[in-house]
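Heads up, the thing below is written out as structure tokens.
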Amino acid sequence: MPVQVNLTDRQQRVLWATVRHYIATAEPVGSKALVEEYNLSVSPATIRSAMGYLEKAGLLYQPHTSAGRIPSDSGYRIYVDQLITPSETLARQVDQLFSDRLNSDSWSFEALLRGAAQILATLSGYVTLVTMPQTNMARLRHLQIVQIEPRQVMLIVVTDAYETQSVLMELPQADSAQNQVEALADPELVERELQILSNFLNHQLRGRSLAELPSLDWSELGREFEQYADGLRASLADLMRRTQSPRTTQILVSGVSEVLRHPEFSELQQIQTIIHLLEEEQDQLWPLIFEYPDSDSVGKRATVRIGAENRLEPIRTCTLISATYRRGTVPVGSVGVLGPTRMVYENAIAMVEAAADFLSETLS
């Protein structure tokens, strides 16, 4: 969520240096430290003035009187959105490390996910969260429409994993009472029409994922079958919604021991509430990590939620960075890191994006 504050170039440099120094030291930052360690080419008085403005703007604050300043959530937000770019060099190194250590030819995809989570946790020093692929990543192997009652049929879908999904559908009313009587009196006619519809759907959808069901091109369906279109659309949409429902225990967690090294997690009760969330309340955490994007956000990269931007109380002092991995163009899962707001953002974002790209390439 963007923060609307207009900063001069000098104020941006002071904010950047303050955040960098605090990330490195975990100690409140004073003007003297910035003068000594960063080539800002201005006097200490000018730096103090800039820090004062940044504090009034809500981007820095003093944890206690006479202390230096530390970034607020809003300060981190401007730092992430305007003052840094993810490290491309690190992203290439992470991708190479995944390729070297993870065997996509002989491992199951779940084993790859677990391996990637462990590597990412070790590299980042944060908790790593990887969602298992959603059911809708499965691709259609066969589809059939079968008549159950005179006015009711069942749409049956078999995936490439030989899982079966089905949904009931009411047959459309005929245009006239006479046509309706004829249709009911000639079950062979109905059976032939249903077979033609089944063939059409198989031709259109075989090999495509369940998430792509709504994009079916109905223009190729002949005029005589238009009466079935609305019912089929509704049935396919219902089928897709059901396959998108998250399954329980679907987030792989790694690196809890890594995050304990950060001073922000020195309080036992705080880390206990986070662990409880990770282990016992994954259904609450899941929507934050994996959000099925709309068609306008297909190219979206990592999502960064800082501090209070996280709506779950146990992690409102943390940053959650996540990115979706895909099968083709269809998002099927997410990979993310959870750590303190005092995070090396340019590295963490690069690592999360590299992990998501690697998993996408493996699936494709």
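The values are calculated or read from the model by the stated rules, or taken from the named source; none is laboratory data. Since the structure is predicted, the reported quantities are computational estimates derived from the model, not experimental observations. Cβ coordinates were reconstructed from backbone atoms using ideal geometry, including for glycine residues, and neighbour counts include every protein chain displayed. To get the accessible areas, we keep the full protein, side chains included, count just its heavy atoms, and leave off ligands, DNA and RNA. Shrake-Rupley method; radii C 1.70, N 1.55, O 1.52, S 1.80 Å.
Accessible area per residue was computed with a 1.4 Å probe on protein heavy atoms; Thr65 scores about 120 Å². What FRET efficiency comes out for the pair Arg114/Glu313, r = Cβ-Cβ distance, R0 = 30 Å, nearest 0.05? In this case the efficiency is close to 0.60.
Each other residue within a Cβ distance under 14 Å of Arg316 adds +1 if Lys or Arg and -1 if Asp or Glu, for a net charge of -2. Once the C-beta distance of Ala26 and Thr164 is scaled by a Förster radius of 41 Å, the resulting FRET efficiency is 0.15 to the nearest 0.05.
Add +1 for every Lys or Arg and -1 for every Asp or Glu among the other residues with Cβ under 11 Å from the Cβ of Asp73, and state the total. Cβ neighbours under 11 Å give a net charge of +2. Subtracting the Cα-Cα distance of Val146 and Glu188 from their residue separation scaled by 0.36 nm leaves 13.9 nm.
Report the extension gain between Asn199 and Thr65 in nm, rounded to one decimal, defined as 0.36 nm multiplied by the number of residues separating them, less their alpha carbon distance.
Numbers: separation 134, 0.36 × 134 = 48.24 nm, distance 7.49 nm.
Stretched fully, the Asn199-Thr65 segment lengthens by 40.8 nm.
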